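All remarks here apply to the structure that follows.
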Amino acid sequence: MAQAKKKPAAKAKKTVAKKAVAKKAAPKKVAAKKAAPKKAKRKPNAALMKPMTPSALLAEVVGSKPVPRGQIVKSLWAYIKKNDLQDKINKRLINADEKLKKIFGGKSVVNMFEMTKHVSKHIQ
């Protein structure tokens with residue numbers, strides 16, 4: 001009797017498995033997608049593109065010509081990398097030399113996010 005009960009259970013599992021395979025094999029209807037409308041290119045923010053004049057202290061590092069804020073930060077990073085002022089272990093820290101100490105308010109080590117805060121005080 002024990003054997004008779006096992007056979008129907010095995011048949012039931014096979015039937016369920018066949019139904020699952022049949023569902024997977026059935027082709028699905030896919031709706032045709034419409035092409036997304038092309039977006040206009042983003043315009044740069046005029047306030048960020050406005051030329052800013054660096055202070056005398058900052059001009060020693062990035063130059064005295066009025067340039068946008070992004071270019072000032074970019075040239076400051078070029079100075080930092082050229083003089084190898086980034087911390088070796090934690091790249092987010094900047095070890096200031098004498099020129100940068102004046103800009104950073106006398107701090108010898110500054111976080112890169114703090115750097116932009118200090119730089120913003122030196123541009124008009």
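Values in this text are rule-based calculations from the coordinates and carry no lab data. Only a predicted model underlies this, so the values are computations on that prediction, with no experimental measurement involved.
Checking the table Lys82/Lys107; Lys74/Lys117; Lys41/Lys74; Lys101/Lys121 against a 18 Å threshold on Cα-Cα, which pairs fail?
Details: Lys82/Lys107 20 Å; Lys74/Lys117 14 Å; Lys41/Lys74 24 Å; Lys101/Lys121 14 Å.
Lys82/Lys107; Lys41/Lys74, as the Cα separations exceed 18 Å there.
Check Met52: other-chain or 5+ apart residues with amide H under 5 Å from its amide H, H built from backbone geometry?
Val67, Arg69
Where a ≥ b ≥ c are the square roots of the eigenvalues of the C-alpha gyration tensor, would you call the range 46-120 rounded, which needs a/c under 1.5, or, failing that, prolate if a/b is larger than b/c, or oblate?
Prolate.
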